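Have a look at the structure below, then the notes.
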Amino acid sequence: MEIDRRAFIAGLGGAAVVAAMDHEAKADALEHYMEEQLDEAAAQSQDQPEKFPTVAELEAQIETRGYRRGAGGLFVSTRGNVKKLEPMPPKPTLVDFFNLRFAPANHVLQSATRAMKTGMSEEVILACLLHDTVQALMRTDHGWWGGQLYEPYIPEKSSFAIRYHQTLRFFPDEQAGYEYPDQYYRTFGHDYVPPQYIQDTYKMLKNHKWYMEPRLVTVNDLYAFDPKAKVSLDPFIDIIGRHFKQPKEGLGYDNSPSAHMWRTIARPDSPL
Ligand SMILES: [Fe+2]
Ligand SMILES: [Fe+2]
């Protein structure tokens, strides 16, 4: 695919901004840019709506890969070999995990930025900031994995929002301003029907007093890469300070119910 370098660099905010980005951030930006261009080109070339795959077509791809789609991003590279990771400090904080294991974390930073701009509560902003970070460890059922990972450290409303945003992504809510995403037609197939446990969870959520918490995560869940968006953890440091109970022993070493999950994210190269 041909890249319009000038448009790409301008879209990111200019040469100086690009120069300040680290390698990972650049690679991430480029990948999203190319995905968008590719989707656009595909739609234009057909002069008709994009043709989404079927569930059967996606299933037929399973044995074409050396990994499963549910594997966490730290454990599998779909573009060449994995890279050596920087060691974590002895008492790692959430910010260390963002910098050393979740980076560049564009998607969650953009979602949290949008939540902040639209005046969401701090619990919801925090949930948006953390909502997909567990995908470094595991993608399948990431709502539940993420809820469990963060539960010991954040307000109950925030972990509720993280746990259940995964379910609500499958169910539009016009009033709240959430449509079923095209991305899901690509990811799951256009004829996909969510499994029974997701449907049952949705039924439970519809009548729950905290329905809007996970719903607002889905409203702020941005899949389109906005090249003009500034991505930084800085605007969220105060919210983290107010709501994230950082253990003094460091994440992974405080014997919480999810400490082993933090250690696994910290040391994904450990063979056992
Ligand atoms: Fe998610
Ligand atoms: Fe997301």
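The values are calculated or read from the model by the stated rules, or taken from the named source; none is laboratory data. These figures come from a predicted structure and were not determined experimentally. Backbone-built Cβ (ideal geometry, glycine too); neighbour counts: all protein chains shown.
Things to note:
- Of all residues in region 187-220 being among the charged types (D, E, K, R) and surrounded by 15 or more Cβ atoms within 10 Å (Cβ to Cβ), the one that is farthest from Glu123 (Cα to Cα): Arg215
- Meets criteria (surrounded by 14 or more Cβ atoms within 10 Å (Cβ to Cβ) and modelled with pLDDT of 95 or more) for Asp254: yes
- Count - residues of region 96-111 that are more than 11 Å from the chain's Cα centre (by Cα) and within 14 Å of ligand 1 (Cβ to nearest atom): 0
- Test set (1) surrounded by fewer than 17 Cβ atoms within 10 Å (Cβ to Cβ); (2) modelled with pLDDT of 95 or more; (3) hydroxyl-bearing (Ser, Thr, Tyr) - Tyr153 fails condition number: (1)
- The helices (runs of 4 or more DSSP H) found entirely in region 184-272 that carry 2 or more residues being more than 16 Å from ligand 1 (Cβ to nearest atom) are 196-206, 237-243, 259-266.
- Residue check for Asp132: at pLDDT below 95 and surrounded by 19 or more Cβ atoms within 10 Å (Cβ to Cβ): no
- Hey, Ala127 small (Gly, Ala, Ser), away from ligand 1 (no atom under 13 Å from the Cβ) and part of a helix (DSSP H, G or I) or not: no
- Any hit, region 80-97, residues being within 16 Å of ligand 2 (Cβ to nearest atom) and part of a loop (DSSP other than H, G, I, E, B): no
- Members of region 148-183 found to be part of a helix (DSSP H, G or I) and either free of Cβ contacts under 8 Å to residues at least 12 places away in the same chain or within 14 Å of ligand 2 (Cβ to nearest atom) (or both), listed by number: Glu156, Ala161, Ile162, Arg163, Tyr164, His165, Gln166, Thr167, Leu168, Gln183
- Restricted to region 98-131, and to residues there that are within 13 Å of ligand 2 (Cβ to nearest atom), in contact with a Phe, Trp or Tyr (Cβ under 9 Å, 6 or more places away or on another chain) and of a type outside the set (S, T, N, Q), the residue that is farthest from His165 (Cα to Cα) is Ala105.
- Test: residue in region 138-146 that is among the hydroxyl-bearing types (Ser, Thr, Tyr), within 13 Å of ligand 1 (Cβ to nearest atom), touching a strand residue (DSSP E or B) at 6+ places or on another chain (Cβ under 9 Å) and at pLDDT 95 or above: yes
- Within region 151-183, if we keep just the residues that are under 16 Å from Val219 (Cα atoms) and among the hydrophobic types (A, V, I, L, M, F, W, C), the residue that is farthest from ligand 1 (Cβ to nearest atom) turns out to be Ala176.
- Selection within region 137-147 - crowded, with 21+ Cβ neighbours inside 10 Å and either part of a helix (DSSP H, G or I) or within 14 Å of ligand 2 (Cβ to nearest atom) (or both): His142, Gly143, Trp145, Gly146, Gly147
- Some residue of region 53-67 being loosely packed, with under 11 Cβ neighbours inside 10 Å and in contact (Cβ under 8 Å) with a residue 12 or more places away in the chain: yes
- When the criteria are applied in full, Gly73 fails the requirement of being assigned to a loop (DSSP other than H, G, I, E, B), at pLDDT below 95 and of a type in the set (Gly, Ala, Ser).
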